[in-house]
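The values are calculated or read from the model by the stated rules, or taken from the named source; none is laboratory data. What you are looking at is a predicted structure, and each value in this text was computed from that prediction instead of being measured. Only protein heavy atoms, including side chains, enter the accessible area calculation; ligands, DNA and RNA are left aside. Shrake-Rupley method; radii C 1.70, N 1.55, O 1.52, S 1.80 Å.
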Amino acid sequence: MDAILFGNGFNLLSKDCPSWQDLLTSISDRENSPILNGIPPTLQYEQVYLAPHSSFSDLSDESDETKLKDAVKRRLSTIGTNEFYKKLLSLGVSTFLTTNYDHALYDNDESSVIGKNSSEKIYSIKRWKRIRLNDNDYTIFQFHGDITNVKSIMLGLDHYGGALAKVQDYVKGYFNEKSKDKKTSSKSNNQYSISNRLTSDIEIDASIYGFTDNGTSLISWIDAFFFSNLHIIGITIDFSEIDIWWLLSRRARMLKNGTLANQIYYYPTFPLSEIHYHLPKLRLLERLGVKVIYHKQTIDIETGYPDYPQIYNEQIRNMGNILKEP
């Protein structure tokens, strides 16, 4: 099967969509605690929340932190869909992963949601949503959280670190919310690790982990990195995305053992004039067994700047051609 992982690049193609920097700046205390440049985005958020003299310095616990995340929710709740989302949906793929928190893929139309698992309050290992658009059904895994559940929105390093621990437990077969005894859980479930499922061709039911059927062959979005052909687009894969990089490196270890048959593709959408900034990352992706699909430089004739819509159109076409390959 094929799955598509998309990021905030698609939102940035819509009018008035805030960038990450815009989003943080809008909720920060620009006078007492301006955003620091040159540090990872996850730590930029921590600075907004934790700086001693900021407007949020009196927020002392998780319930108070939701006030900060509510401000993020308000900025993202009105982002609508655009033609590029519609082109993604027309590629014949029904499984989507996203780092986005918003509902732009289905234009905020909650009536199109025909099923979901939103039982996790903070993390998103088993979070999914089933939508129906134009008589077609799609499953979306919002693995960095959903604005419907403010506490699930992944922004800071603390949240990323906790989420990575959950990802690692799942990959190693220790993820079992039914068991309060971690030692018992580890002994009983490690037979269901990703590596064992691959080498022994073990088929497990989602209910073993306390999960519900999401309409795909995947139990969690994590499975897409090992059991499906995964197409990644509209995301820069910043090195602060520690969950994604850990999964890619874990998969690369399995590739050395010859236990994997899936393929991961990355479709960069930054202009070629910026490639020198991204080249080390692209080379690393290739060394981790990811196929990088490059685009041709497209320039807007009137402005002389990169034509992002055309870059996305080209990369979506490239993806469509690869999806058609036998």
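For the chain, the fraction of 1.4 Å probe accessible surface lying on carbon and sulfur atoms is 48 percent.
Entry for the stretch 211-326 at q = 0.09, 0.23 Å⁻¹: log10 I(q)/I(0) = -0.29, -1.39, Debye formula applied to identical alpha-carbon scatterers, no solvent contribution.
For the chain, the equivalent ellipsoid derived from the Cα gyration tensor has semi-axes of 29, 27, 20 Å, listed largest first.
Residue pairs exceeding 23 angstrom between C-alpha atoms, taken from LYS116/LYS166; LYS256/LYS296; LYS129/LYS172; LYS86/LYS324: LYS256/LYS296; LYS129/LYS172. Its alpha carbons give the stretch 125-164 an Rg and a Dmax of 12.7, 40 Å. Taking all protein chains together and rolling a 1.4 Å probe, TRP20 ends up with roughly 70 Å² accessible. At a probe radius of 1.4 angstrom, the accessible area of the chain per residue rounds to 48 square angstrom. For LEU5, the residues whose modelled amide H falls within less than 5 Å of its own, excluding neighbours fewer than 5 places apart on the same chain, are LEU97, HIS231, ILE232, ILE233.
Taking θ as phi - 60° and the Karplus parameters 6.51, -1.76 and 1.60, the scalar couplings of the stretch 97-108 work out to 10, 8, 8, 6, 9, 8, 10, 5, 4, 10, 6, 6 Hz in sequence order, x denoting glycine and proline. Here the 3J(HN,Hα) profile of the stretch 223-234, calculated from phi with Karplus coefficients 6.51, -1.76 and 1.60 at θ = phi - 60°, is 4, 4, 6, 10, 10, 9, 7, 10, 10, 10, 8, x Hz, Gly and Pro shown as x.
Using a Gaussian network for the chain with springs between C-alpha atoms less than 10 Å apart, which of these wobbles most: ASP102, ASP22, ASP146? For the chain, modelled as a Gaussian network with Cα springs under 10 Å, the answer is ASP22.
For the chain, relative contact order (Cα pairs under 8 Å, six or more residues apart, normalised by length) works out to 17 percent. Which of ASN100, ASN117, ASN37 moves the most in a Gaussian network model of the chain with Cα springs under 10 Å? Evaluated over the chain, the most mobile residue of the options is ASN37.
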